[in-house]
Amino acid sequence: MESTMTGNASGKKKEIHVGLCGAGIGGVFAAIAIARAGAKVTVLEAADHLGEIGAGIQMTPNVARLLRKYGVDKVIGDNLVRFEELNLRRKDGTPVGYTQTSRIEGALDQPWWLVHRHHLHQGLVTVARQHGCNLMIGSRVVEIDYLESNEVTVRTEAGETHVFDLLIGSDGINSVVRRTLFPAVKPRPPTTNCAYRAIVPYEQIRHDPIASTLIQKLTMEVWMSEKAYIISYPISAGTDFNMVLSHHRPHPVSTVEDISMADLRAEYATFDPRIQRIVDMIPNAQRWPLLVTGPLPSWSSPRGNVVLMGDAAHSMTNHMAQGAATSMEDGAFLSVVLREVLAARIALPDAIRLYERERMPKAFRKQQVSFLNGAIWQLPEGEAQRARDRAMEPELRGEPLLRSPNLYGDPATVLEVYGYDAEAHAERALQEWYNGQDWRKDEGTGIEAPVAEKVMNWFLPEKEKFVSKI
Ligand SMILES: Cc1cc2nc3c(=O)[nH]c(=O)nc-3n(C[C@H](O)[C@H](O)[C@H](O)COP(=O)(O)OP(=O)(O)OC[C@H]3O[C@@H](n4cnc5c(N)ncnc54)[C@H](O)[C@@H]3O)c2cc1C
């Protein structure tokens, strides 16, 4: 294939202007990563101000790694909250499963943070500006010309025109970039499952003699029930108690809905009185759809000058807390391959093809794991639910485990999802690309790079890490 480039004969560096359509968590994070790689970055955001609505969000170790590396954690500070343990319960409060957070954090050498979306987004925006990204509000993209030339011309509702070498669609579920590339694709609610999101101040809970017994420590709690669950965790420096309340409706839900608070309370009236009393304190909430996009056959234009990331490409159900995390991983991966484009070692269309080839299966896998965890937490009462509870029991006794239906603590899932390093993946994929689409074996041992990465490199000091001789 003519496309593989292993060097830059002229030694000349390229300059590229990357445009991002959408300044959500994924878009702003990608802007930082790509600016760090050396590209000029402009982000066009439809809204009149930068921000995030909604409530809390988990930043699991796979993305805590990136927030730390890019210095975003320092800016957010105490608003990144750590928690001691995860308790999985039946809806009446009976303990079923348990994960000590330090076990995961210690094994992966990364924290597991809980944060208000607003604090996360503010931190990302601050760091993006520090890196020279141009964040333009009131810039709704309405038209994209990308077929006739390698350059992409973007027009906004306000009548402005922008020209980019690469346009990244980070514009979420209703992405105009995706609709332009793949008009037939429609995000869909795969089931009747949807969720309320809500926040109650810890101070209010402390005044309730029953509910206050739940908040002696900073914990994550999950109450599992047939076709419903509640997950709760602290955010905002431990001052707010965040809840996602999963439930089903008679019909699939496709848009955010206003609700009656009486309906919300009725939904959880048979739950553990400790959490039920907190549900009763929720001042207001909305019903959020859980829309899934794809898997798509491609994320990019034929010239490789327009590409999708985040929810625009692969929105998923919330049950594994990986939607924003996967979006951020996309940005981190893209930044590594774009660094190589800037160094003129790989052509832009090839870099985009590499991104698609590697990231599309990863995103699909996250969609699958998210479905799985939703099904496990919402099993109907009966044989399967009892088998699930029995399989989680060893965790309650503190016994070491090889596998568990508690996917937040299951060793294989933890390694696959929370142990994933998007940048290291991109570096390996580039090596493979430069060497003819083939992982090279180490001549002395026969060990292939991805195997070494999984089994050996995690415990070796940096200078001793096993690297295939290329
Ligand atoms: C109940 C619930 C709980 C969740 N919990 C978690 C969690 O704990 N952890 C996690 O990782 N994920 C979680 N998620 C998923 C997460 O919220 C999303 O995956 C994530 O926010 C997607 O980020 P994004 O940047 O790709 O898209 P978005 O956040 O949707 O951002 C898109 C941006 O593009 C802008 N835009 C749209 N159209 C245009 C246009 N034409 N021109 C310019 N700008 C445009 C929008 O205004 C917006 O700012 C949860 C989701 C739900 C529903």
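Regarding A312, is this residue within 16 Å of the ligand (Cβ to nearest atom), among the small types (G, A, S) and over 15 Å from R178 (Cβ atoms)?
No; evaluated as a whole, the condition is false for this residue.
Whether any residue in segment 146-156 is in contact with a helix residue (DSSP H, G or I) (Cβ under 7 Å, 6 or more places away or on another chain), open to solvent by less than 70 Å² (accessible area, probe 1.4 Å), away from the ligand (no atom under 13 Å from the Cβ) and modelled with pLDDT of 95 or more is what I want to check. Step through it out loud before you land on a result.
To start, the set of residues in segment 146-156 that are in contact with a helix residue (DSSP H, G or I) (Cβ under 7 Å, 6 or more places away or on another chain) comprises none.
No; the residues of segment 146-156 include none that is in contact with a helix residue (DSSP H, G or I) (Cβ under 7 Å, 6 or more places away or on another chain), open to solvent by less than 70 Å² (accessible area, probe 1.4 Å), away from the ligand (no atom under 13 Å from the Cβ) and modelled with pLDDT of 95 or more.
If you check F164 against the conditions, is it at pLDDT 95 or above and open to solvent by less than 30 Å² (accessible area, probe 1.4 Å)? Show your work before the answer.
On the way: at pLDDT 95 or above: yes; open to solvent by less than 30 Å² (accessible area, probe 1.4 Å): yes.
Yes.
Only one of A128, A228, A211 is open to solvent by less than 20 Å² (accessible area, probe 1.4 Å), touching a Lys or Arg at 6+ places or on another chain (Cβ under 7 Å), more than 10 Å from the ligand (Cβ to nearest atom) and of a type outside the set (S, T, Y); which?
Matching residue, one of A128, A228, A211: A211.
Within segment 29-55, how many residues are assigned to a loop (DSSP other than H, G, I, E, B), within 12 Å of the ligand (Cβ to nearest atom) and of a type in the set (A, V, I, L, M)?
Final tally of qualifying residues: 5.
Could you go through segment 348-363 and let me know if any residue there is closer than 16 Å to G169 by Cα, under 16 Å from the mean Cα position of the chain (by Cα), surrounded by 23 or more Cβ atoms within 10 Å (Cβ to Cβ) and among the hydroxyl-bearing types (S, T, Y).
no
With segment 310-425 as the region, which helices (runs of 4 or more DSSP H) entirely inside it contain at least 3 residues that are among the small types (G, A, S)? Quick ask: steps written out before the conclusion?
On the way: elements: 311-314, 323-342, 348-377, 383-396.
In segment 310-425, 323-342, 348-377, 383-396 are the helices (runs of 4 or more DSSP H) which contain 3 or more residues that are among the small types (G, A, S).
Could you list, in sequence order, the residues of segment 179-205 that are open to solvent by 40 Å² or more (accessible area, probe 1.4 Å), within 18 Å of M261 (Cβ to Cβ) and out of contact with any helix residue (DSSP H, G or I) (no Cβ under 6 Å at 6 or more places or on another chain)?
Result: R197, I199, P201.
Among the numbered conditions (1) open to solvent by 70 Å² or more (accessible area, probe 1.4 Å); (2) within 24 Å of the chain's Cα centre (by Cα); (3) within 11 Å of the ligand (Cβ to nearest atom), tell me where S175 comes up short.
Failing condition for S175: (1).
Could you count how many residues in segment 264-282 are part of a loop (DSSP other than H, G, I, E, B) and without any contact (Cβ under 8 Å) to a residue 40 or more places away in the chain? Explain how you work it out, then say what you get.
Taking segment 264-282 as the starting set, the residues that turn out to be part of a loop (DSSP other than H, G, I, E, B) are 268-272, 282.
Cutting the leftovers down to without any contact (Cβ under 8 Å) to a residue 40 or more places away in the chain gives us 269.
Looking only at that region, the number is 1.
Given the criterion of a type in the set (D, E, K, R) and closer than 17 Å to R277 by Cβ, identify the matching residue among D240, D258.
Exactly one of D240, D258 is of a type in the set (D, E, K, R) and closer than 17 Å to R277 by Cβ, namely D240.
In segment 131-156, how many residues are in contact (Cβ under 8 Å) with a residue 24 or more places away in the chain and not in a strand (DSSP E or B)?
11
Table: residues versus (1) touching a Pro at 6+ places or on another chain (Cβ under 9 Å); (2) crowded, with 22+ Cβ neighbours inside 10 Å.
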| position | (1), (2) |
| --- | --- |
| I34 | no, yes |
| E45 | no, yes |
| K69 | no, no |
| E85 | no, no |
| R90 | no, no |
| G97 | yes, yes |
| Q100 | no, no |
| A107 | yes, no |
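For segment 56-66, how many residues meet the condition of being touching a residue at least 60 places away in the same chain (Cβ under 8 Å) and more than 8 Å from the ligand (Cβ to nearest atom)?
Looking only at that region, the number is 4.
Quick test for you: out of R287, R353, pick the one residue that is at pLDDT 95 or above and not assigned by TED's automatic domain parsing to the domain that holds I57.
Details: R353 fails: not assigned by TED's automatic domain parsing to the domain that holds I57.
Of R287, R353, the one residue that is at pLDDT 95 or above and not assigned by TED's automatic domain parsing to the domain that holds I57 is R287.
The values are calculated or read from the model by the stated rules, or taken from the named source; none is laboratory data. Because the structure is predicted, anything quoted here is derived from the model rather than measured. Counting neighbours? That spans all protein chains shown, and the Cβs are built from the backbone with ideal geometry, glycine included. Quick note on the areas: whole protein, heavy atoms, side chains included, nothing else; ligands and nucleic acids left out. Shrake-Rupley method; radii C 1.70, N 1.55, O 1.52, S 1.80 Å.
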